[in-house]
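Just below is one structure, and these are the notes that go with it.
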Amino acid sequence: MQIREGGPRRGAASAARSPMSAMMLAMFATMASFYVAGRLWQDAQSRVYLIKELDRRTGQGHSTISVDDTLKVVACRQQGKRLASLEMELAAAKHEGFVGKYTYETNGTNSRKRPLIVIGIMTSFGRKNYRDAVRKSWLPTGSMLKKLEEEKGIVVRFIVGRSVNRGDASDREIDEENRSTKDFMILDDHTESEEESPKKTKSFFANAAESFDAEFYAKVNDDIYINVDTLSAMLKEHWDKPRVYIGCMKSGEVFSESYFRHASGEMFVISKAVAQFISINRSVLRTYAHDDVSVGSWLIGLAVKHVNEAKLCCSSWPSGNYASL
């Protein structure tokens with residue numbers, strides 16, 4: 001009797017477990033589907049944002065965009081304009097002894113020169129003495145500053161953010177100084193702080209790329225003095241490199257830690273396509289404790305030419321903080 005009764009009980013228990021197992025598998029499958037769908041939606045939203053940003057700055061286009069593709073698309077869309085300008089430049093050079101000219105852009109009946117470089121001098125509140133020293137040494141003022149832009153294609157601006165207490169004495173002093181000198185780029189989207197210097201550098205490149213269609217963009221500290229003519233000559237050697245990162249390159253062991261290759265923070269230069277990449281992706285580019293390491297990290301894995309320029313290394317400077325440019 002026990003043997004005969006045991007069979008039906010096992011069959012009933014097995015039948016009870018079978019629907020329960022199926023139900024649990026269905027629940028897990030449903031939860032997994034929701035998770036995967038959620039991640040795909042987040043990735044899709046990020047991709048749509050990058051595509052819209054790229055379209056807004058460089059024209060229409062609907063291909064999927066990777067980080068490297070962003071640089072390539074930006075560079076390719078500028079190539080047509082660049083070729084036309086070079087043809088005009090070559091024709092003029094044949095009659096002028098091959099003297100270099102900056103490229104022109106035409107807007108209706110008005111012509112203007114495309115800047116060779118935009119130089120951002122990083123400064124902050126309470127450093128007017130440093131700014132005045134720069135103005136007395138290598139940065140012209142007044143009409144001569146405008147002449148530097150028009151004749152040599154070199155745009156120079158002091159870069160500063162806003163006070164944490166918007167509109168306070170620090171902000172008013174900068175505004176008053178700028179009304180007199182007209183040589184500032186004030187970053188309204190950045191709060192001035194020594195700890196936030198990497199974000200300030202990112203904001204400068206992003207805003208400069210949107211405000212000026214230059215060939216190159218440079219970051220320099222306000223205690224560094226340079227020769228703009230020598231800098232201009234150096235940059236002309238790199239016009240054939242669409243994506244370039246120029247500076248005193250550092251890598252290897254630093255304070256017992258291994259860092260990736262990056263340019264020393266006193267001064268470095270990036271080309272237009274790299275600046276536009278930073279502008280497009282500013283919201284997703286992570287910053288670290290120092291701006292030089294941060295910029296180097298943004299370019300990891302990209303098709304960017306790293307140029308180790310000895311003239312931008314402080315060890316080669318003849319005296320003080322004068323760059324050997």
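The values are calculated or read from the model by the stated rules, or taken from the named source; none is laboratory data. Computed from a predicted structure; not experimentally measured. Cβ atoms come from the backbone with ideal geometry, glycine included; neighbour counts cover every protein chain shown. Note: areas computed on protein heavy atoms with side chains; ligands, DNA, RNA excluded. Shrake-Rupley method; radii C 1.70, N 1.55, O 1.52, S 1.80 Å.
Which order do peptides 117-126, 282-291, 192-201 fall in by mean Cβ count within 10 Å, highest first? Display every interim value, and only then the final one.
Numbers: 117-126: 20.8, 282-291: 14.3, 192-201: 17.2.
Highest mean packing first, the order is 117-126, 192-201, 282-291.
Taking the simple approach of a point 7 Å from Cα along Cα-to-Cβ for both Phe28 and Lys136, what is their distance in nm?
7.7 nm
How much of the pair distance distribution for the range 117-252 lies past 23 Å, counting alpha-carbon pairs only, in percent?
So the portion of pairs separated by more than 23 Å is 35 percent.
Extension gain Ser297-Glu151, at 0.36 nm per residue separation less the Cα-Cα distance, in nm?
Working: separation 146, 0.36 × 146 = 52.56 nm, distance 3.52 nm.
Here the segment from Ser297 to Glu151 would lengthen by 49.0 nm.
Quick one: Karplus J couplings for the range 286-301, per residue in order, coefficients 6.51, -1.76, 1.60, θ = phi - 60°, nearest Hz, x for Gly and Pro?
7, 10, 10, 5, 10, 6, 5, 5, 4, 4, x, 5, 5, 9, 5, x
When the accessible area of the range 160-297 is computed with all protein chains present and a 1.4 Å probe, what percentage of it is carbon and sulfur? Numbers along the way, then the final one.
Values: 2700 of 6040 Å².
Using a 1.4 Å probe with all protein chains present, the range 160-297 comes out at 45 percent carbon and sulfur.
Hey, can you grab everything whose amide H is under 5 Å from the amide H of His190? Only 5+ residues off in sequence or another chain; H modelled, so Pro and N-termini drop out.
For His190, the qualifying residues are Arg162.
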